[in-house]
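Take a look at the structure set out below.
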Amino acid sequence: SAANPAAVKRFFETGGKSLLDGLSHLAKDMVHNGGMPSQVNMGAFEVGKSLGTTEGAVVFRNDVLELIQYKPITEQVHERPLLVVPPQINKFYVFDLSPEKSLARFCLRNGLQTFIVSWRNPTKAQREWGLSTYIEALKEAVDVVTAITGSKDINMLGACSGGITCTALLGHYAALGEKKVNALTLLVSVLDTTLDTQVALFVDEQTLEAAKRHSYQAGVLEGRDMAKVFAWMRPNDLIWNYWVN
């Protein structure tokens, strides 16, 4: 913008290259990112090399998830294992971003037998999946963890929607009279669905029905669409920051 003195200065310093770079980024965002400003270089990350580098192996798989067991790095481990359940809209490596930023490595260094769920990325073929689908799949994972470790129960950590799923699972176990979970830790998991929030200002019955119809017709809610919602919840940080800075 001609009203931005820093941008004008940069334009002259680079002989106009800064403007060309900006237009190039804009074109790429329009074509590949739904018009939203890119927050990261998507080509800079590769699972197993720059993401998810902690050593582990898939020890169980069903239609909904894979269960990863991480290799212990201490001579002794705690008897009771930890099962980490990430959000369904995120990947397992959110807990293993890098050697310096890894919950998985932290747990291993502290002698915890660590397992992390990796959710399947659904397509429209899985449009009928619901909360009960995820609970049944998670029940199988819990049984595998106890079978591998020989522990009668486990500790769980659930994040966001993964935490909501864990909470529903504990309610299911309580109804069955089964105590397979010793303790549950929740991270940013919304259990109170009261609609007195900023987002709820835009929600009414018609909007909800339209959203449900759209999701069912498409068969799956695309990650790009969800990313837009999260970005507009914090526009100064996640949208305008990339235009101004």
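Here are a few things to note about the model shown:
- Unmet criterion (only one of (1) over 15 Å from the mean Cα position of the chain (by Cα); (2) surrounded by fewer than 16 Cβ atoms within 10 Å (Cβ to Cβ)) for Ile89: (1)
- Residue, farthest from the chain's Cα centre (by Cα), within the range 1-15, restricted to residues that are modelled with pLDDT of 80 or more and in a loop (DSSP other than H, G, I, E, B): Gly15
- The range 174-191, residues that are surrounded by fewer than 17 Cβ atoms within 10 Å (Cβ to Cβ) and over 18 Å from the mean Cα position of the chain (by Cα): Ala174, Ala175, Leu176, Gly177, Glu178, Lys179, Asn182, Ala183
- Among the residues of the range 30-70, those identified as surrounded by 15 or more Cβ atoms within 10 Å (Cβ to Cβ) and modelled with pLDDT under 90 are Asn33, Met36, Pro37, Leu51.
- Residue within the range 120-130 that is of a type outside the set (Ser, Thr, Tyr) and in contact with a strand residue (DSSP E or B) (Cβ under 9 Å, 6 or more places away or on another chain) present: yes
- Complete set of residues in the range 47-76 that are more than 15 Å from Lys101 (Cα to Cα) and either free of Cβ contacts under 8 Å to residues at least 40 places away in the same chain or within 18 Å of the chain's Cα centre (by Cα) (or both): Ala57, Arg61, Val64, Leu65, Glu66, Leu67, Ile68, Lys71, Ile73, Thr74, Glu75, Gln76
- Qualifying residue in the range 120-129 (condition: touching a Pro at 6+ places or on another chain (Cβ under 8 Å), surrounded by 14 or more Cβ atoms within 10 Å (Cβ to Cβ) and not hydroxyl-bearing (Ser, Thr, Tyr)): yes
- Residue check, Ser24 polar (S, T, N, Q), outside any loop (DSSP other than H, G, I, E, B) and surrounded by 15 or more Cβ atoms within 10 Å (Cβ to Cβ): no
- Gln206 falls short of the stated requirement of being modelled with pLDDT of 80 or more and either assigned by TED's automatic domain parsing to the domain that holds Pro81 or closer than 27 Å to His32 by Cβ (or both).
- Selection count where residues are closer than 24 Å to Gln76 by Cα and either at pLDDT below 95 or in a helix (DSSP H, G or I) (or both), scope the range 137-189: 9
The values are calculated or read from the model by the stated rules, or taken from the named source; none is laboratory data. Here the structure is a predicted model, which is why all the values come from computation and not from measurement. Cβ: placed from backbone, ideal geometry, glycine included. Neighbour counts: every protein chain shown.
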